[in-house]
1. So, of the residues in the range 86-126 that are under 20 Å from residue 66 (Cβ atoms) and within 9 Å of the ligand (Cβ to nearest atom), which turns out to be surrounded by the most Cβ atoms within 10 Å (Cβ to Cβ)?
2. Just wondering, is there one or more residues in the range 53-66 that are exposed (fewer than 15 other Cβ atoms within 10 Å of the Cβ) and in the same structural domain as residue 154 (by TED's automatic domain parsing)?
3. Working carefully through the options 53, 36, find the one that is closer than 28 Å to residue 182 by Cα and either within 9 Å of the ligand (Cβ to nearest atom) or in contact with a strand residue (DSSP E or B) (Cβ under 6 Å, 6 or more places away or on another chain) (or both).
4. Would you confirm whether any residue within the range 33-53 is at positive phi and either part of a helix (DSSP H, G or I) or at pLDDT 95 or above (or both)?
5. Could you please find all residues in the range 54-66 being free of Cβ contacts under 8 Å to residues at least 60 places away in the same chain and in a helix (DSSP H, G or I)?
6. For the range 138-166, what are the residues that are within 27 Å of residue 198 (Cβ to Cβ) and part of a loop (DSSP other than H, G, I, E, B)?
7. So residue 193 clears everything in (1) more than 17 Å from residue 17 (Cα to Cα); (2) within 15 Å of the ligand (Cβ to nearest atom) except one condition, right? Which one?
8. Looking at residue 27, is it away from the ligand (no atom under 12 Å from the Cβ), assigned to a loop (DSSP other than H, G, I, E, B) and touching a residue at least 40 places away in the same chain (Cβ under 8 Å)?
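The values are calculated or read from the model by the stated rules, or taken from the named source; none is laboratory data. For clarity, every value in this text was computed on a predicted model and none was experimentally measured. With ideal geometry, Cβ positions are generated from the backbone for all residues, glycine too; neighbour counts draw on all protein chains shown.
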Ligand SMILES: C[S@@+](CC[C@H](N)C(=O)[O-])C[C@H]1O[C@@H](n2cnc3c(N)ncnc32)[C@H](O)[C@@H]1O
């Protein structure tokens, strides 16, 4: 993949701040990571490929590589500082890891992803794309993932109105303050969070931050052809949500499924459990 300098909008200074203070700035990061890891559609002993977009300092990557000791992991990031950090953080998994450069908005890297591809992960990066950019990304990744494969996201979302914005802003400040105290024993990291405007829901947002509403993103995922789409965790405007490709051939969103038991009607569009085979339909998909 082509070498990139720091992506437009995201600076190497921001990378360093995130490396230093990410654990304080991201609300309940361990919970978000544990939720993502549990949603990966694979057995612990399986050999499969995972790609992470905007892998940052490798916190999620380490958790996945530990939980799935035979997976192959491609960790992409646009920042040289982050890639250096990633390479260092993932050194002990070196044989299974490839660290690469990419620019999120471009499309060439999408065509070069490994195949078969079981899972694409992205934490706190897709909100840097516009709404149209997210839709294109979801559609491109739906085409690249193997049947039963998943796109799993953790990201900030646009509030639906002022009440949600205020709730998210308060919750995020509370989380960052509590984490600053718990993890560093003081409020200096929280002061950096406030001073440098990391709370997207306060003040004038950086134009490079373009979160979309959660309901819109779930709809775009369905439109991209994913069969099972849901949100699994949310706090302080941060949502963990995901989408699974159908296991058997093309499937239109909201397609009827065969009843699970004779005589019991299935609901249109009812989702199968993540990572499980979907019920075979009458139409022989
Ligand atoms: C907020 S950090 C999140 C890092 C990591 N995913 C995490 O959750 O800890 C955003 C990451 O996305 C990368 N990034 C931001 N914009 C990008 C772009 N346009 N192309 C590629 N990488 C980008 C940054 O370098 C950074 O590592």
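1. 121
2. Checking the range 53-66: at least one residue is exposed (fewer than 15 other Cβ atoms within 10 Å of the Cβ) and in the same structural domain as residue 154 (by TED's automatic domain parsing).
3. Among 53, 36, only 36 is closer than 28 Å to residue 182 by Cα and either within 9 Å of the ligand (Cβ to nearest atom) or in contact with a strand residue (DSSP E or B) (Cβ under 6 Å, 6 or more places away or on another chain) (or both).
4. The answer is no, given that none of the residues of the range 33-53 is at positive phi and either part of a helix (DSSP H, G or I) or at pLDDT 95 or above (or both).
5. Residues satisfying the conditions are 59, 61, 62, 63, 64, 65, 66.
6. Matches in the range 138-166: 157, 158, 159, 160, 161.
7. Of (1) more than 17 Å from residue 17 (Cα to Cα); (2) within 15 Å of the ligand (Cβ to nearest atom), only one is false for residue 193: (1).
8. So residue 27 fails the test.
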